[in-house]
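Each remark here refers to the structure printed beneath this line.
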Amino acid sequence: MQTFDLEAQGLRELNSTLHAQVKETNQTSWEVINPKGSHAIAVGLDAPIEVNIKGSTGYYCGGMNKQATINVLGSAGPGTAENMMSGKIVIDGDASQYAGATGHGGLLVIKGNASSRCGISMKGINIVVHGNIGHMSAFMAQSGNLVVCGDAGDALGDSCYEARLFVRGSVKSLGADCEEKEMRPEHLEILKELLAEADSDAKPEEFKRYGSARNLYNFDVDNAAAY
């Protein structure tokens, strides 16, 4: 494992070194020490490497990730895994607002709680939160799966499209055009696989599924008040 001291060597050098692994993947395991809440750590990676960050990070950690596995051994600031394409990002602690926003693929695991707007405008990413999520989560979520092992805040799934939202606990309120939906065998199978990959001992049968009521797909004057 290669060890990189972020405090001594700097963020630009860290990201340049990790980006170089697109062509040179012989050094596949990295440890980042002294992150001290720095922003934009391990952004834009595109190689099958593993990065272990020993501490908490600032905003946009792991943004635009492709292929890489990133483990944050602490908490993470706003925009973690934003626009993620593939790979896996695991946050041992809590995540601030809009975690996983606009993510196209891959898996984001938050072992603590997530703040507001978790998974907004999801476009195929899978997100598993072991704890609770804040308000306006999955706003305009288009596709992918958001799994919440705890409770969800206000306006869950507001104006969502075809994303699947699974919540084990209570939902404070549903957003515009979001409703509870039938849990079918294929959804239980999806949950089983995601919970196993996220190292959660929750049971698929304990969850409820939510998604789009599909009333806002096309403008209808009778639904004008819901926009």
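Can you name every residue in segment 7-53 that is acidic (Asp, Glu) and within 17 Å of Met84 (Cβ to Cβ)?
Those that are acidic (Asp, Glu) and within 17 Å of Met84 (Cβ to Cβ): Asp46, Glu50.
Within segment 6-85, considering only strands (runs of 3 or more DSSP E) that don't extend past its boundaries, which have at least 1 residues that are of a type outside the set (Asp, Glu) and closer than 17 Å to Ile110 by Cα?
Here the list reads 50-53, 69-72.
Of the residues Ala95, Ala81, which single one is without any contact (Cβ under 8 Å) to a residue 40 or more places away in the chain, small (Gly, Ala, Ser) and surrounded by 24 or more Cβ atoms within 10 Å (Cβ to Cβ)?
Ala95
The conditions are (1) in contact with an Asp or Glu (Cβ under 6 Å, 6 or more places away or on another chain); (2) among the hydroxyl-bearing types (Ser, Thr, Tyr); (3) modelled with pLDDT under 95, and Thr28 fails exactly one of them. Which is it?
(1)
When you scan segment 139-187 for strands (runs of 3 or more DSSP E) that lie fully inside it, which ones turn up with 2 or more residues that are under 16 Å from the mean Cα position of the chain (by Cα)?
In segment 139-187, the matching strands (runs of 3 or more DSSP E) lie at 143-148, 164-167.
Going by what's in this entry, would Lys111 be described as modelled with pLDDT of 95 or more, of a type in the set (Lys, Arg) and more than 24 Å from Gly157 (Cβ to Cβ)?
Answer is no for this residue.
Being more than 26 Å from Ser56 (Cβ to Cβ), out of contact with any Gly (no Cβ under 6 Å at 6 or more places or on another chain) and without any contact (Cβ under 8 Å) to a residue 60 or more places away in the chain is the requirement here; does Ser143 meet it?
no
Every residue in segment 34-64 that is within 18 Å of the chain's Cα centre (by Cα) and hydroxyl-bearing (Ser, Thr, Tyr), please.
Ser56, Thr57, Tyr59, Tyr60
Being over 17 Å from Lys172 (Cα atoms) and of a type in the set (Val, Ile, Thr) is the filter here, so list the residues in segment 107-136 that pass it.
Passing the criteria: Val109, Ile110, Ile120, Ile125, Ile127, Val128.
The values are calculated or read from the model by the stated rules, or taken from the named source; none is laboratory data. Source: prediction; values computed, not measured. With ideal geometry, Cβ positions are generated from the backbone for all residues, glycine too; neighbour counts draw on all protein chains shown.
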